[in-house]
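**Student:** Just passing along the structure, written as structure tokens.
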Amino acid sequence: MKNTPTEAQLASIPGLYQTDHISTQDKIIHAHFYIGSSHWFIAEYDHVDTMFGFCVLNGDLEMAEWGYVSFQELKDINVLGLYQVQYDVYWTPKPAGQVDLIRHGSGIYFDTDSTPDRDPWTWYSLNS
């Protein structure tokens with residue numbers, strides 16, 4: 001893995017199930033990993049190996065989903081010795097509803113009928 005996160009960076013991620021009470025669009029995405037057009041947006045971590053977040057594989061937004069991923073497996077991805085998963089060192093934690101790939105891949109759609117006093121981005125699925 002390129003730019004492996006430090007223990008301090010990983011320590012700031014809530015444990016598994018600690019954000020269950022937070023609506024999906026408001027869950028904070030604490031870390032972003034990527035390789036090519038594949039992305040893992042991490043909201044929770046068991047501080048051993050299992051991470052929970054939103055995954056987009058090969059840019060396929062129709063099949064993108066929330067789920068679990070092994071941190072070790074992310075670190076082990078190595079394509080021809082040339083490409084590895086990278087930790088996004090410039091990532092700023094933000095709510096899932098503010099991440100374009102999550103918004104477009106999991107049921108948050110732009111509402112063209114919105115009124116000026118209402119947010120045009122509407123969450124249509126996966127509410128906790």
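The values are calculated or read from the model by the stated rules, or taken from the named source; none is laboratory data. As the structure is a prediction and not an experimental result, all values here were calculated from the model. Please note: Cβ atoms are built from the backbone with ideal geometry, for glycine as well, and neighbour counts cover all protein chains shown. Remember, those area values only see protein heavy atoms, side chains included, never the ligands or the DNA or RNA. Shrake-Rupley method; radii C 1.70, N 1.55, O 1.52, S 1.80 Å.
**Student:** Only one residue in ASP49, ASP60, ASP100 is open to solvent by less than 50 Å² (accessible area, probe 1.4 Å) and among the charged types (D, E, K, R). Which one?
**Tutor:** Result of the check over ASP49, ASP60, ASP100: ASP49.
**Student:** Out of ILE13, ILE77, ILE22, ILE102, I need the residue that is touching a helix residue (DSSP H, G or I) at 6+ places or on another chain (Cβ under 6 Å) and on the phi < 0 side of the Ramachandran plot. Which one?
**Tutor:** Checking each option against the conditions leaves just ILE102.
**Student:** Can you find a residue in the stretch 23-34 that is outside any strand (DSSP E or B) and free of Cβ contacts under 8 Å to residues at least 60 places away in the same chain?
**Tutor:** Checked the stretch 23-34: no residue is outside any strand (DSSP E or B) and free of Cβ contacts under 8 Å to residues at least 60 places away in the same chain.
**Student:** Evaluate the following for ASP20: is it out of contact with any strand residue (DSSP E or B) (no Cβ under 6 Å at 6 or more places or on another chain) and either among the hydroxyl-bearing types (Ser, Thr, Tyr) or farther than 14 Å from LEU101 by Cα (or both)?
**Tutor:** Values: out of contact with any strand residue (DSSP E or B) (no Cβ under 6 Å at 6 or more places or on another chain): yes; either among the hydroxyl-bearing types (Ser, Thr, Tyr) or farther than 14 Å from LEU101 by Cα (or both): yes.
Against the criterion (out of contact with any strand residue (DSSP E or B) (no Cβ under 6 Å at 6 or more places or on another chain) and either among the hydroxyl-bearing types (Ser, Thr, Tyr) or farther than 14 Å from LEU101 by Cα (or both)), ASP20 qualifies.
**Student:** Related question: Out of the stretch 13-44, which residues are open to solvent by 40 Å² or more (accessible area, probe 1.4 Å) and modelled with pLDDT under 95?
**Tutor:** Selection gives ASP20, HIS21, ILE22, GLN25, ASP26, GLY36, SER37.
**Student:** Conditions: (1) part of a strand (DSSP E or B); (2) over 14 Å from the mean Cα position of the chain (by Cα). GLU73 meets all but one. Number of the miss?
**Tutor:** Of (1) part of a strand (DSSP E or B); (2) over 14 Å from the mean Cα position of the chain (by Cα), only one is false for GLU73: (1).
**Student:** Please determine, by comparing only the residues of the stretch 101-120 that are assigned to a helix (DSSP H, G or I) and at pLDDT below 90, which one is nearest to GLY59 (Cα to Cα). It would help to see each step written out before you state the result.
**Tutor:** Pass one, the stretch 101-120, residues assigned to a helix (DSSP H, G or I): 101-105.
From what's left, at pLDDT below 90: 103-105.
Details: ARG103: 14, HIS104: 11, GLY105: 10 Å.
Per the criteria, the residue is GLY105.
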